[in-house]
1. How about region 130-154: which of its residues are at pLDDT 70 or above and either part of a loop (DSSP other than H, G, I, E, B) or surrounded by fewer than 16 Cβ atoms within 10 Å (Cβ to Cβ) (or both)?
2. Of the residues 99, 81, only one is over 14 Å from residue 136 (Cβ atoms) and in contact with a strand residue (DSSP E or B) (Cβ under 9 Å, 6 or more places away or on another chain); which?
3. Just the residues that are at pLDDT below 90 and open to solvent by 20 Å² or more (accessible area, probe 1.4 Å), please, taken from region 108-121.
4. I need the full set of residues from region 14-45 which are open to solvent by less than 60 Å² (accessible area, probe 1.4 Å), among the hydroxyl-bearing types (Ser, Thr, Tyr) and touching a residue at least 40 places away in the same chain (Cβ under 8 Å), in order please.
5. Report, by residue number, each residue of region 77-95 that is of a type in the set (D, E, K, R) and open to solvent by less than 100 Å² (accessible area, probe 1.4 Å).
6. In the list 74, 68, which residue meets the criterion of being surrounded by 20 or more Cβ atoms within 10 Å (Cβ to Cβ) and more than 18 Å from residue 164 (Cα to Cα)?
7. If a residue must be more than 14 Å from the chain's Cα centre (by Cα), farther than 18 Å from residue 159 by Cα and not hydroxyl-bearing (Ser, Thr, Tyr), how many such residues does region 27-57 contain?
8. Any chance you could count how many residues in region 1-38 are within 16 Å of residue 111 (Cα to Cα), assigned to a loop (DSSP other than H, G, I, E, B) and of a type in the set (S, T, N, Q)?
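The values are calculated or read from the model by the stated rules, or taken from the named source; none is laboratory data. Predicted model, so just to flag it, every value in this text is computed and none were measured. Because the Cβ atoms are built from the backbone with ideal geometry, glycine has one as well, and the counts that use them run over all protein chains shown. The accessibility values were calculated without ligands, DNA or RNA, using every heavy atom of the protein model including side chains. Shrake-Rupley method; radii C 1.70, N 1.55, O 1.52, S 1.80 Å.
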Amino acid sequence: MDRMYYDFNVFNEYSIDGIYQAINKLNVSKKKPIIVCVGSDLVLGDSLGPLIGTLLRKRNFTGYVYGTLNAPITAKEIEYAKKYITIMHPNSLLIAIDACIGKSEDVGIIRVSNGGLKPGLGVNKNLGEIGDVSITGIVAGKSKDNFNLYNLTRLNLVYKMAEKIADGLEKYFLSLNSPSTSYFGA
């Protein structure tokens, strides 16, 4: 299957609905989703994933969420997390979430895509892929020294992205428990 991307600007008031609809469209098999929020609480620009996990947990989110500010899943733990989740949640849709670096004009874009993500690419690490669906937030533009960009990222941007993504996920999970149909046709 070709890679599909759905991009939403964090400052667009309809981004929550877009995230919800994109996940709904990408989960064709309607498997039960498991959320894996990747990142570190030690670097502001890399804290998007754990911040989303924490927001979902504080809201009494009904789905399984791995990776919070209190118990982050960093890029180093990806392989262990993937093995554990595969054993504990077979036949589930794995939604992986992480911050990323992109073009400077794309900062503030939330990207939902079919296929997994490879954490650590922004800081030149080659680690394993995780996820069936990925959600990334572009928190900084590329440069020669990408690590410094993660440290110079605005907390306001990361927090707004985390709220929008958490709201979109929450809306998606609520739709799974309601008898209404999807916005997308068959």
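1. Of all residues in region 130-154, those at pLDDT 70 or above come to 130-143, 153-154.
Of everything in region 130-154, those that are at pLDDT 70 or above and either part of a loop (DSSP other than H, G, I, E, B) or surrounded by fewer than 16 Cβ atoms within 10 Å (Cβ to Cβ) (or both) turn out to be 131, 132, 141, 142, 143, 153, 154.
2. On the way: 99 fails: over 14 Å from residue 136 (Cβ atoms).
Answer to the selection: 81.
3. Matches in region 108-121: 118, 121.
4. Residues satisfying the conditions are 15, 20.
5. Once the filter is applied, which keeps residues that are of a type in the set (D, E, K, R) and open to solvent by less than 100 Å² (accessible area, probe 1.4 Å), region 77-95 yields 77, 79, 82.
6. Answer to the check: 74.
7. Count: 5.
8. First, pick out the residues of region 1-38 that are within 16 Å of residue 111 (Cα to Cα): 2-27, 35-38.
Next, only the ones that are assigned to a loop (DSSP other than H, G, I, E, B) stay: 2-4, 10-14, 27.
Filter once more, keeping what is of a type in the set (S, T, N, Q): 12, 27.
Qualifying residue count for the region: 2.
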